[in-house]
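So the structure is just underneath, and the comments pick up after that.
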Amino acid sequence: MPDASSGPIVVASCVDAGYLPFVEVVAASIAASADPVRRVDYHVLYDGPESWLTRRLRAFSAGPVRVHLHAIANPWRDFGTINGFPPSTLLRLSLEDALPEAVERLIYLDVDLIVEHDLGPLFDLPLGGRGLGAAIDGVAARWLADPRRGDYHRYIRETLELGDRASTYFQAGVLLLDLPTLRRTDYQRKMVEALRRFGPSLKYVDQCAANHVLKGDYTVIDPRWNVQPHDMAFVSDPWITHYAGRKPWQQLGIPGDSRWWKHARSLPTYPLFLWRFIRERSRIELRSLRRRIANRGPADR
């Protein structure tokens, strides 16, 4: 087998049409940090129609990064929305079927993040025969250490059946995947069984299902590869900043939000992000105003 470090870096994301604009921010951030001599093939599975955005992404080229779009009818649509997560969340279960056969290893990225380090060291990381590499979820680790979060302890240990492996619970927004190993271990079938079994009880859908299926049998990667805003007080020098939960295009004051906007401003689609931000802020302010009016007593009117 040829040395993996001599070939292109393969990255993949899975989205519905509404999240396609954020793919370009991720791609721009990868390009800004990439080794210029090593190609990055960024594959994007998306469920949606052709549009000016898909045409734009197909033509994306920045430094060594090229985007490859794969339109796919979501085979997991029948699962519906689970705890607010749409069926497109499950599209990453299709990576082992939808990508070119030559792709054996890839970095999976959510699109609510920015890459701030060359991805080569992550892509080349040995997995020790395992099918998946991920970072421990820092928020989950702190909640498991907090005796006041008994509900969360029970969920991880009992509902997901991690037991004494609860501390291995990982965050699935950044993953290193070995597709032949996942196929050999029947990972997709096991995930589908877990999704059917647990359904609405899964707080974070396929992330929780994956933790149940693997029960700690994965390779732990450096936490700097998946730093959430909550983690920034504990992890310095993030290599990937992942805006899980609160989004910089929706709210002000999120740690690291200025770095996301820096990449967004570099793109011709920047006005679209501004419009989304203004629309979201307007909705929030309108809801707040309505609550204040509803809570006013007769003497205040």
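Which of 118, 206, 164 moves most in a GNM of the chain, Cα contacts under 10 Å? Among 118, 206, 164, the largest GNM mean-square fluctuation belongs to 164.
With R₀ set to 22 Å, the beta-carbon distance separating residue 145 from residue 165 gives a calculated FRET efficiency near 0.90. Given their separation in residues at 0.36 nm each and the Cα-Cα distance between them, residue 251 and residue 101 gain 49.9 nm when the chain is fully extended. If R0 is 41 Å, what FRET efficiency do you get for residue 295 and residue 270 from their C-beta distance, rounded to 0.05? Computed FRET efficiency for residue 295 and residue 270 comes out at 0.60. For the chain, the antiparallel share of DSSP beta bridges with both residues in that region comes to about 45%. Consider a paramagnetic label point 7 Å from the Cα of residue 181 along Cα→Cβ; state which residues of segment 202-230 have an amide N under 20 Å from it. Answer for this model: 207-226. Ranked by the mean number of other Cβ atoms within 10 Å of their residues, highest first, the peptides 195-201, 213-219 fall in the order 213-219, 195-201. The relative contact order of the chain comes to 18 percent, based on Cα pairs under 8 Å that sit 6 or more residues apart.
If you take every residue apart from residue 33 with its C-beta less than 14 Å away from the C-beta of residue 33, what net charge results, scoring Lys and Arg +1 and Asp and Glu -1? Overall, the nearby charge balance is 0.
Fully extending the segment from residue 282 to residue 158, taken as 0.36 nm per residue of separation minus the present Cα-Cα distance, adds 40.5 nm. As an equivalent ellipsoid, segment 172-273 spans semi-axes of 31, 16, 15 angstrom, where each value is the square root of five times an eigenvalue of the C-alpha gyration tensor, largest first.
Among the aspartates and glutamates, which fall within straight-line cross-link reach of residue 215, defined as a Cα-Cα distance under 18 Å, with same-chain neighbours fewer than 8 residues apart omitted? Straight-line reach from residue 215, under 18 Å: 137, 158, 161, 164, 178, 186, 193, 206.
Peptides 175-187, 267-279 ranked from most to least packed give 175-187, 267-279, packing being the mean of other C-beta atoms within 10 angstrom over each peptide's residues.
Charged neighbours of residue 204, selected by a Cβ distance under 14 Å, balance to -2 (K, R count +1; D, E count -1). Of the options (i) 31, 26, 19; (ii) 28, 26, 20; (iii) 31, 23, 17, only one is semi-axes √(5λ) of the Cα gyration tensor in Å as computed from these coordinates, and that is (i).
No lab work stands behind these numbers, since they all come straight from the coordinates. Just so it is clear, the model here is predicted, and its values are computed rather than measured. For neighbour counting, all protein chains shown are included, and Cβ atoms are generated from backbone atoms with ideal geometry for every residue, glycine included.
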